[in-house]
Structures are given as structure tokens and as C-alpha cells.
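Scroll down for the structure; my scribbles are underneath it.
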Amino acid sequence: MVICPNCGAKNEEGEILCGECGSRLNGPAKPVKPAILAEPVKSALVSAPERKLGTKEDAVTPEREYVVSEKWREVDFTSEEPKKSRKASAGIILIAVIAAVMLYGIIATLLVSTRNVSTGISLETYTVDVELVDEEGKKEKITQGMILNDGDSVTTGNTGEAYLTLGAARSLRMLANGEIQVHKEEKAPRIVMKKGAMFFCMDNPYRLTETPELVAGAMSVSLNEVVGYIYYDGKGEARIWVMNGEVQIVTRDEVSGEQFAETLTPGERAFVAFGDSGISCTVEKAFLDELPEAMVRKIAETPELLNRVSTDSGWTRQDIINLADRYKAEEQELNLINVYYLIEMMNEKSN
């Protein structure tokens, strides 16, 4: 019989543990009771939520929760937000494309409308050796009575002539080897001479507000109720005659920017030269026999114009008619000479 050193219970010989308390029969007595052993476990389960910060578990648990939270946020950002961002970017791009197309349309419309602005100048008659190009240098088909647009250029060749009109009783006659460009400045048209000669006959019976401006190099002339002739060599020298009405010649110094004005009265002529050295303008009395042939013949062919010019300039009607007849006779003589030489050439070829 073996007595348990712990609880005093009797156990059979050979037993290692006590049948009552489970203590080792051969070891020292330990005051361990089952009720006392269960108490720490129960206490640990109940007090776990009441642990204070600073313990090992408290240090690990918040860190673990933080990591999980950041992963959730990362997943949420990469899955939902980019979709919204892509949708917003697509919308912005679409709006930008639409705006660009609309802007292009507006600019194109403005450019087209600018090129199609009428100058009020029409091309009434012309010869074969006449060309018309637009502002961009594109050659256009010429039709009788067509309206010229802003930026159009008219060029006459060696045998070309063009007759332009600006409304009631206003005409410009371009002679051979000439070039002009027309523009629309506010209400009044502007004719820019690049080179050549032009006969102008301006009347304003209806007192129209539009006063055409003729520009040759650094010189400009307002054409209103005036008859005259102008020649510009395209290099800085111009000559202008006035037969009826008054013309104010305005020259602009390209270097200093100063402007000078000279008034030309009927029967006078002006020689204008402008270049790097400055501008000079000489006004003199014109002689009838030095007038350009085209101008004299035009005046003689128009009775009303003949009366006006003879009254204002002091030249008699008969003097103007005689000079025009002389020019016609010289032209006929020249034509006969040309015909004679043509016949001689044909005879030589036949022989």
C-alpha cells in the first residue's frame, strides 16, 4: 500500500501517480488542486479584452490591423479610381477635339470670308493678254463684269488692256505691261499699283461716300471727281497728270515716317521720286502735246469729258481733238507700215 504524499490517499503498490489527485507518488508533495489550476485559464480568457497598452500583444495587433487597412486602400485605389480617371481623361480629350474642330472651322470661315470680300471694283472689258490671280497666287478665270475681291491682282501683258469700273461714272483703264492689286479698306476700295500706266476718270454724280484710293509706292492719291493719268515704274518714280478736278498727293517718308502733301490742279503734272535718300515731288504746268496718247484719245472720244477738261485745264476743245486725230493718224500709218512689211515677208517666203 502506497500513501500519496500530497493528498494522503491510499494507492496500490506499483502505481506511479495518485489515483485521487494525480500527484507523483514517489515525488515531493505539491499543493496543486484542480480547482486552482482551472482558475488561471478562466481568468486569462475573461481579462484578455482588458489588457493595457504596452504589452506584446497590443504592440503586434494594431500594427497588423494597420497593414491590412493599407492593403485594402491600395486595392481600392488601383481598382476603382483609375477607371474614373480614365473616364475623365477620355471626356477631356473628346472636348478638346471638338473645340479644335470648331476653332478650325471658325478660322477657315474667316479666311474664306476675308478672301471673298468684294472691293466694289468690277472687270468690265479686257483683252486676251490679261491675267487675274487671287491673294494666294492662284490664277482665276476671267469673266466680263466679274467683281474683284480683296487681294485680287490684275496683270496686263505686252498687248493687254483692262477696263475697270467702281460704280457710277468711275472707271480705270489699265494699259499694257501693268499690274495692280485691289483691296477693301473699311468702306473705300484701294488700288495698289505695282507698275505700269493707268488712266482714271472719276465722277461722283450721286455723291457716294466711298472715295477710292490709288497707291503707288510711298504715294497715295484720293480719286474723287477727277480725271487724270498716272505712270509708275515700280522702282520708286511716278508721274501723274490731272486734267479735271484737284488731286492731293500724299507721300510718306519710309525712314522718318513723315508725310508730305502736294495739291495738283487741272493742267498740271507732278514728278514724284522716293527712295533711300528721301522723297521729292515737283509740280509743273503740263503741255498738251506731252500728255499720254491714251489719255488724249479718251478725252476726245467722250464729249462730256472733253468739255470738262477743256474748261478746267485751259486747253481748247479743238486743240485736244486735233492732237487725238494726230495720234490716230500716226497709229494708222504704223499699221500700214506693219502690213507692208508683212506682205514683203510673205513674198520672200513664196519666192
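The values are calculated or read from the model by the stated rules, or taken from the named source; none is laboratory data. Please read these numbers as outputs of a predicted model, since none were measured by experiment. Please note: Cβ atoms are built from the backbone with ideal geometry, for glycine as well, and neighbour counts cover all protein chains shown.
Annotations for the structure displayed:
- For S350: the one exception among (1) touching a helix residue (DSSP H, G or I) at 6+ places or on another chain (Cβ under 6 Å); (2) more than 15 Å from A294 (Cα to Cα): (1)
- When every residue of region 217-230 is checked against the conditions, at least one turns out to be in contact with a Cys (Cβ under 7 Å, 6 or more places away or on another chain) and either aromatic (F, W, Y) or closer than 29 Å to T316 by Cα (or both).
- Boolean, E124 is at pLDDT below 90, surrounded by 10 or more Cβ atoms within 10 Å (Cβ to Cβ), touching a strand residue (DSSP E or B) at 6+ places or on another chain (Cβ under 6 Å) and not in a loop (DSSP other than H, G, I, E, B): yes
- Count - residues of region 293-318 that are loosely packed, with under 15 Cβ neighbours inside 10 Å and not β-branched (V, I, T): 6
- Among the residues of region 133-172, those that are assigned to a strand (DSSP E or B), surrounded by 20 or more Cβ atoms within 10 Å (Cβ to Cβ) and among the hydrophobic types (A, V, I, L, M, F, W, C) comprise L148, V154, A162, L164, L172.
- Within region 317-351, being small (G, A, S) and within 25 Å of L305 (Cα to Cα) holds for A324, A329.
- In region 127-161, residue modelled with the highest pLDDT [restricted to those that are farther than 27 Å from E186 by Cα and among the hydrophobic types (A, V, I, L, M, F, W, C)]: V130
- For region 256-276, the criterion of being closer than 18 Å to V221 by Cβ and of a type in the set (K, R) is satisfied by at least one residue.
- Pair list, Cβ < 8 Å and 6+ apart or interchain, from region 289-300 residues that are over 11 Å from W315 (Cβ atoms) to residues that are modelled with pLDDT under 85 and assigned to a helix (DSSP H, G or I): K298/L305
- Residue ID - modelled with the highest pLDDT, chosen from residues in region 216-236 that are part of a strand (DSSP E or B) and within 12 Å of F274 (Cα to Cα): Y232
- Any hit, region 258-269, residues being surrounded by 11 or more Cβ atoms within 10 Å (Cβ to Cβ), in the same structural domain as V215 (by TED's automatic domain parsing) and closer than 18 Å to Q318 by Cα: yes
- Subset of region 173-189 that is farther than 16 Å from E131 by Cα and surrounded by 19 or more Cβ atoms within 10 Å (Cβ to Cβ) - its residue that is nearest to the chain's Cα centre (by Cα): H183
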